[in-house]
Ligand SMILES: [Zn+2]
């Protein structure tokens, strides 16, 4: 059956891909930058760091400096039960800072506690100011967020409300003491923040020295670098011209100094993440930004989900290949990224 405003189709591997025009609240169709997502989503991706940072930036003007007057919980749990007296502990506090650590959004409260928020797979926020819902330029891919999935409402001192909606409820919210948060899991085990000042060739050399695991695995290891996911690791490795299967230690000299590859990798990680944040993250599957609009970084993928397409490097005649490492798809150019450092990947022939 044709769906008037786009819909959901099954991508390879069964991943649902939403596409086409979208229905705005009230049922008016607003064209998105069509087609919204023409590429399959091979891994069923969830919001990664740039998407979470985009949401944080969208929430900041609504929350920063505001007092939470009241909290409405419409169910006892999300992925996990809410902490004891959750609504009472939030009510009456002022949001003093809104930070992000890896894929967690952290609101520092005047009570000394930190409201920890994780979007899971489908979590999204909506800011309602009085009778106007702030969704500038909003369009949705697939169905608009159903009100039935509005689970948490924060009523703020300026009359606005921040609504948390999560259809699949893999997201969660909890409270930590601000003094204890860095020493408490999962934060105590987190690696460096890739958008922070710690990321450098020197830091990567220190973290990666002596490791024989593939680079791809090391970059996905949250204990080393926190918050990097599959998409951005694939893109960063391509830009640094490093094979995802190269041994991690190959970016470090025998004396533990960073090789040029380590500097290139650090620069590529930062570049990819900053570029993605600048355009509002990637739109994949159920993810939406805080204003309900979708990001556009997927239009800039150079290797991710481009299996069988020509490499975008000028004059390179490589074809983007896909391999599977630890259950996740790695996309790469066997020419640009065949740097001789690794055992060499034998890509599968693209289908057809
Ligand atoms: Zn290439």
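Cut-off is 10 Å between beta-carbons; in what order do 235, 309, 245 appear when sorted fewest neighbours first?
Details: 235 25, 309 16, 245 22.
Sorted ascending by nearby Cβ count, the order is 309, 245, 235.
Please report the Cα spread of region 49-189 along all three principal axes, rounded to whole Å, starting with the longest.
Largest to smallest, the principal-axis extents are 40, 30, 28 Å.
If we count other beta carbons within 10 Å of each Cβ, what is the order of 195, 90, 156, fewest first?
Going from least to most buried by this count: 195, 156, 90.
Sort 118-127, 214-223 by packing, meaning the average of other beta carbons within 10 Å per residue, with the highest value first.
On the way: 118-127: 22.4, 214-223: 20.3.
Result, highest mean first: 118-127, 214-223.
Got a sec? How would 64, 106 order by Cβ neighbour count within 10 Å, fewest to most?
Numbers: 64 14, 106 19.
Going from sparsest to densest Cβ surroundings: 64, 106.
No value in this document is a laboratory result; all are computed from the given coordinates. Fair warning: this is a prediction, and the values are worked out from it, not measured in the lab. Note that we place each Cβ from the backbone using ideal geometry, even for glycine, and neighbour counts take in every protein chain shown.
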